[in-house]
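Below: the structure, in structure tokens.
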Amino acid sequence: MINDSILSVNNLSVYIYANQRCNKAVQNVSFEVKKGKILGMIGESGCGKSITASAIMQLLPELARIEEGEIIFHDDDGDIRIDKLEKNGSEMRKIRGEKITMIFQDPMTALNPVYTVGFQIMESLKHHLNMSKKQAKDRAIELLREMGIPSPERRVDEYPHQYSGGMRQRAMIAMAMACNPKLLIADEPTTAIDVTIQAQIFELMLKLQNQYNMTIMLITHDMGVIAELADDVVVMYMGSIVENGSIDEILMKAAHPYTKALLKCIPILGKGKSQELEPIKGTTPDPYDRPKGCQFYPRCDYATDKCLEVPETYYISETHSVKCWHYMRVLENE
Amino acid sequence: MNNSNNVLIKLRDVKIYFPIFKGVFKRAVGYVKAVNGVDLDIYQGETLGLVGESGSGKTTLGKGILQLLKISSGEVTYKFNGEEKNLKSLSDEEMFEARKRMQIVFQDPYSTLNPALTIFNQLQDPLKKFGVKSKSKRREILEHLLEEVNMPKESLNHYPNEFSGGQRQRIGIARALSLSPNFIVLDEATSALDVSIQAQVLKLLSSLKEERDLTYLFITHNLSVAEYFCDRIAVMYLGKIVEISTAEEIYNNPLHPYSKALISAIPVVDPQSKFDRKRIILEGDVPDPANPPSGCPFHPRCKEVMEECKYNIPELKKLLKNAKGHYVSCHLYKDEFTKK
Amino acid sequence: MNKNKISKLDKKMDKIKEKEEKGLLKEQKMNRTLRKFLNNKLAVIGLFILLAITFSSIFAPIICRYEPGKIDLRNALKPPSRAHIFGTDKLGKDVFARVLYGGRISILVGFGSGIGSAIIGVLIGSYAGYKGGWFDKTFLRISEVLIAFPQIILVLLLVTIVGQSLWNLLFIFILTGWAPMYRMARARMLSIREEEYVQALKAFGVSDFVICYKHMLPNAIGPIVINITLSTAMFILEETSLSFLGLGVPLNLPTWGNILYAAQNISILRNNWWIWLPPGIMISLFVLGLNFVGDGLRDAFDPTYQG
């Protein structure tokens with residue numbers, strides 16, 4: 001069981017101390033990323049999904065701190081406790097380039113506009129893999145070709161602004177893939193691009209998974225993206241994981257009221273006007289004035305007094321866990 | 001529904017070009033053809049979805065209809081009290097009247113309200129302009145409007161930073177309603193919201209439509225939302241409308257190769273349908289609107305491209321066999337168009 | 001060193017966490033900008049210096065024992081003593097009194113021209129930025145000419161035309177100094193103009209003046225205030241150098257620059273340091289204070305800078 005995961009996160013809590021306040025952005029989060037699978041992490045804005053990713057990369061802002069818990073990277077030659085590493089130490093930097101890489105929503109923030117795309121890919125090849133300039137350039141061209149960029153021999157010497165939106169995204173993925181990382185963290189990789197381009201990027205990510213046996217952790221707010229790509233799903237709400245399971249379990253047998261409500265408020269293409277959307281009542285609470293116990297109960301249809309206590313984690317199957325007192329009622333009420 | 005008497009807004013060959021300036025003397029060296037010849041009828045009481053990707057010109061067209069952007073050529077007519085009027089040739093008085101009837105709700109909940117003024121202070125000026133002289137009367141009207149969009153009336157005394165995205169969007173809707181318009185452009189009005197909030201706002205918009213007998217132009221890039229919310233959908237590509245039909249028709253029977261690709265590209269939250277769909281992956285990106293391709297604007301990416309598509313610009317024509325009114329601009333269907 | 005800093009930050013975090021858990025931290029009542037400003041030590045020191053100098057200048061008649069213009073030839077060129085804490089100049093005038101009274105005029109010239117040029121620059125600049133067109137183009141060209149032309153020469157030219165007096169100097173400073181303010185306000189408005197709330201007001205056909213001055217201008221207030229503090233410092237230095245050249249405020253009025261004018265004499269520069277050093281220090285302190293406050297305001301208004 002342990003051997004097939006590449007990353008384990010146990011009881012991770014991350015608090016943010018901006019503006020003289022303490023925001024418990026991530027609380028007691030545990031999950032596993034399985035080798036060769038795509039883990040989808042879904043949640044609305046402010047649910048702590050991006051903070052979790054930053055914690056794994058040790059890229060948290062200065063005023064944020066890992067309070068407790070462990071992040072373990074299962075490398076081929078032993079486990080590495082990422083949370084114990086120094087934020088900017090040489091070990092962490094090595095992990096960031098060679099073991100875990102991250103791609104972002106906006107490729108323009110990840111690509112430096114004053115250097116050519118090829119130069120930026122070659123930099124990391126030269127630095128991490130000690131390649132010569134010639135080797136690095138050949139590899140960069142190869143990478144761009146693999147990511148589906150037409151005429152890479154010419155494109156390698158072009159600047160990011162000469163690329164179109166979809167191609168920038170590909171170039172950023174090429175850069176992330178340069179040193180054959182074990183895990184790719186994609187933070188909202190398709191949120192800023194159009195659906196037809198998004199479909200291209202989906203294709204590319206599935207190719208990475210199938211051909212290179214990449215493990216991908218996909219962070220998004222879009223249930224559609226999850227449904228298309230993910231093998232396993234983690235649902236987050238207000239800093240906690242409320243439900244965790246395989247994609248089929250989440251979509252067909254959602255056991256947490258939040259997951260269920262989330263699925264009911266998205267219009268599904270093809271069902272048109274016949275579908276009845278059920279909005280979740282109320283708004284997401286103020287992170288500085290959180291409800292006691294279950295974070296979702298003020299908006300929940302199943303809420304009882306029991307919900308004032310923090311719910312335990314129940315296992316419905318080996319892969320499917322849920323953090324709700326009333327999951328049985330939710331499951332029965334199909 | 002397709003009775004021509006019911007047309008509220010009629011667009012004929014509307015073009016909106018933005019000049020590109022270059023060089024020391026800032027001469028116009030070309031034009032971005034954001035909207036490049038659009039014919040469109042918006043019927044009284046319908047919700048018309050305008051769907052397209054970024055750069056398709058859908059927002060530009062929406063703002064053009066409201067005269068927020070200058071229309072380069074073509075005409076927009078608007079029906080006042082049963083009389084069609086060209087918006088370009090309105091007198092000041094008529095324009096004043098027209099402003100009351102047409103409003104817009106914007107996309108970004110953070111830029112839609114002025115962070116420096118209280119809600120009351122920024123919402124009262126339109127009322128003041130349109131003749132509500134007493135301050136207490138203005139306050140009363142705004143309180144009423146806020147309650148209509150399910151916001152507490154005390155919100156008037158607060159600053160925008162005290163509200164969440166969904167609440168700001170509601171206030172934006174209240175502002176659009178403040179002069180009782182009958183036509184509202186919803187420019188990606190729910191796109192920036194979380195899905196749970198998006199559903200609330202969509203519900204609110206539908207109930208407002210019922211109560212106030214509104215006509216919506218719903219601009220969005222999200223076809224799933226458009227299909228749920230709209231009566232008819234127009235698909236735009238590179239400044240042109242390539243297909244219009246009812247929402248079900250567009251989904252069940254898309255004709256234009258671009259509409260087909262667009263629909264197949266949308267991720268669907270439905271485990272059953274996940275595997276029996278064939279996805280059409282389009283090559284490349286949307287071309288530069290400053291330099292659109294010759295012939296059909298879609299031909300460089302089209303899977304079913306024919307020789308003719310490279311030279312002839314297809315016209316948006318009605319299909320003969322479909323009584324509900326399915327219009328498409330594609331050479332593939334030239335045998336099926338009615339003869340004029 | 002690094003370790004030490006981290007643990008200090010950690011301690012601060014622990015403290016906040018403890019308070020938060022006890023529910024002690026309520027929603028911050030105080031304006032965030034103001035709190036960030038007050039947390040900035042240099043800015044608070046700067047503000048303190050400014051207030052101290054300004055108030056002692058305003059209340060100079062109460063603080064000083066001597067009239068600034070009172071000539072006492074028997075006590076000329078006396079070094080600092082109990083009777084004259086900053087000594088006396090070559091006509092026996094009390095330097096301390098002259099520095100304080102001088103501050104009144106210098107600060108008046110500084111703030112007066114700073115605020116005056118801001119009012120003109122902002123009024124024109126915001127409308128030009130919002131409206132564009134010929135109005136914008138005209139003033140843009142004028143401001144470019146003003147900025148490209150060496151200001152000191154322009155001032156000299158104007159001084160010879162309109163003559164030397166306190167009010168003329170203020171007038172000249174405002175006339176030559178509004179251009180940077182104009183450009184700043186214009187640039188801000190150009191970006192605010194694209195905000196959706198401005199579009200919404202336009203869709204209602206609300207008048208341009210209301211949109212521009214009531215709705216847009218308050219969003220530009222941050223950079224305007226910062227610019228006023230920094231341009232005030234510049235005007236004070238400019239007044240000093242003009243007066244030092246004998247072209248600023250007429251010599252019969254004491255200003256910091258006029259006091260320094262005396263130091264043109266080489267023997268005073270060598271032997272009587274108490275005549276030129278106190279006004280020199282006053283000018284430096286005041287300008288330094290303004291710059292501290294300006295930098296503090298800039299950080300406080302910057303939303304990306306967390307406090």
Report summary line: Note: probe point = Cα of C:SER267 + 7 Å toward Cβ; backbone nitrogen < 14 Å; residues of the range C:80-116 passing the test are C:90-91
Report task. Report the antiparallel proportion of the DSSP beta bridges in chain B as a percent, rounded to a multiple of 5. Result -> 65
Report summary line: Per principal axis, largest first, the Cα atoms of chain C extend in Å by 74, 59, 37
Query raised in the report: Which whole DSSP H helices in chain C pass both tests: a Cα extent of 24 Å or more along the axis and a mean Kyte-Doolittle value no lower than -1.0?
Result: C:41-58, C:95-131, C:166-192, C:221-244, C:273-301
Requested in this report: Could you tally the net charge around A:MET92, taking each other residue with its Cβ under 14 Å from the Cβ of A:MET92, Lys/Arg +1 and Asp/Glu -1?
Outcome: +2
Query raised in the report: Taking a ≥ b ≥ c as the square roots of the eigenvalues of the Cα gyration tensor of the range C:144-271, is the shape rounded (a/c under 1.5), prolate (a/b larger than b/c) or oblate?
Result: prolate
Query - Equivalent ellipsoid semi-axes, the range A:80-136, via Cα gyration tensor eigenvalues times 5, rooted, Å - result: 23, 17, 8
Requested in this report: Counting only DSSP beta bridges with both residues in the range A:68-201, tell me the antiparallel percent, nearest 5.
Outcome: 50
Query raised in the report: Expressed in nm², what is the orientationally averaged projection area of the convex hull enclosing the Cα positions of the range A:171-283?
Result: 8.6
Requested in this report: Can you tell me the FRET efficiency between C:LYS8 and B:ILE313 if r is taken as the Cβ-Cβ distance and R0 is 56 Å, rounded to the nearest 0.05?
Outcome: 0.25
Requested in this report: Please sort B:188-198, C:73-83, B:67-77 by packing, taking for each peptide the average over its residues of neighbouring beta carbons within 10 angstrom, highest first.
Outcome: B:188-198, B:67-77, C:73-83
Report task. Write down Rg/Rh for the range C:162-209, rounded to two decimals, with Rg from the C-alpha atoms and Rh from the Kirkwood relation over Cα pairs. Result -> 1.31
Query raised in the report: Hey, what does the equivalent ellipsoid look like for the range B:57-125, semi-axes from the Cα gyration tensor as sqrt of 5 times each eigenvalue, largest first, whole Å?
Result: 27, 17, 10
Query - Value in Å of the Kirkwood radius, where the protein assembly as shown supplies the Cα pairs that are averaged - result: 32.9
Query raised in the report: For peptide B:51-57, how many partner chain Cβ atoms fall within 10 Å of a residue's Cβ, on average?
Result: 2
Query raised in the report: Shape of the range B:174-288 from its Cα gyration tensor (a ≥ b ≥ c, root eigenvalues): rounded if a/c is under 1.5, otherwise prolate when a/b > b/c, or oblate?
Result: prolate
Requested in this report: Provide a whole-number value for the mean count of partner chain Cβ atoms within 10 Å of the Cβ atoms in peptide B:191-204.
Outcome: 6
Query raised in the report: So who's got an amide H within less than 5 Å of the one on B:VAL185, skipping anything under 5 residues away but keeping other chains? H placed 1.01 Å off N, in plane.
Result: B:GLN103, B:ILE104, B:VAL105, B:LEU217
Requested in this report: Under 29 Å Cα to Cα from C:LYS8, which lysines show up? Leave out anything in the same chain fewer than 8 places away.
Outcome: A:LYS24, A:LYS49, A:LYS84, A:LYS87, A:LYS94, C:LYS17, C:LYS19, C:LYS22, C:LYS26, C:LYS29, C:LYS36, C:LYS41
Report task. Take every DSSP beta bridge with both residues inside the protein assembly as shown and express the antiparallel ones as a percent of the total, to the nearest 5. Result -> 65
Requested in this report: Compute the signed sum of charges (Lys and Arg +1, Asp and Glu -1) over the other residues within less than 13 Å, Cβ to Cβ, of A:PRO267.
Outcome: -1
Query raised in the report: With the dipole of chain C worked out from charges on the C-beta (+1 for Lys and Arg, -1 for Asp and Glu) around the Cα centre, which of C:GLY246, C:PHE301, C:ASN39 lies farthest toward the positive end?
Result: C:ASN39
Requested in this report: Classify the range A:254-323 as rounded, prolate or oblate, taking a ≥ b ≥ c as the square roots of the eigenvalues of its Cα gyration tensor: rounded when a/c is under 1.5, otherwise prolate if a/b is larger than b/c and oblate if not.
Outcome: oblate
Requested in this report: In nm, give the distance between the simple-model label positions of B:LYS70 and A:SER8, each being 7 Å from the Cα along the Cα-to-Cβ direction.
Outcome: 6.8
Query raised in the report: Under 22 Å from the Cα of A:LYS134, which lysines turn up, not counting those fewer than eight places away in the same chain?
Result: A:LYS126
Report task. Kindly rank B:105-115, B:141-151 from highest to lowest mean number of other beta carbons found within 10 Å of each residue. Result -> B:105-115, B:141-151
Query raised in the report: Using the count of nearby Cβ atoms within 10 Å as a rough guide to exposure, how do A:HIS221, A:HIS127, A:HIS161 rank from fewest to most?
Result: A:HIS161, A:HIS127, A:HIS221
Query raised in the report: Cβ under 13 Å from C:GLU144's Cβ, C:GLU144 left aside: what net charge do those residues give with Lys, Arg +1 and Asp, Glu -1?
Result: +3
Query raised in the report: In 5 Å bins starting at 0, how do the alpha-carbon pair distances of the range A:58-176 split up by percent?
Result: 2, 11, 18, 19, 16, 13, 11, 7, 2, 0
**Report entry** Which listed pairs, of C:LYS131/C:LYS202; A:LYS281/B:LYS100; A:LYS264/B:LYS260; B:LYS10/B:LYS318, have C-alpha distances above 21 Å, in listed order
**Finding:** A:LYS281/B:LYS100; A:LYS264/B:LYS260
Report summary line: Listing C:TRP256, C:TRP134 by rising number of other beta-carbon atoms within 10 angstrom, fewest first, gives C:TRP134, C:TRP256
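Rule-based calculations on the coordinates, nothing more; no lab input. As the structure is a computational prediction, the values presented were derived from the model and not from experiment. Counting neighbours? That spans all protein chains shown, and the Cβs are built from the backbone with ideal geometry, glycine included.
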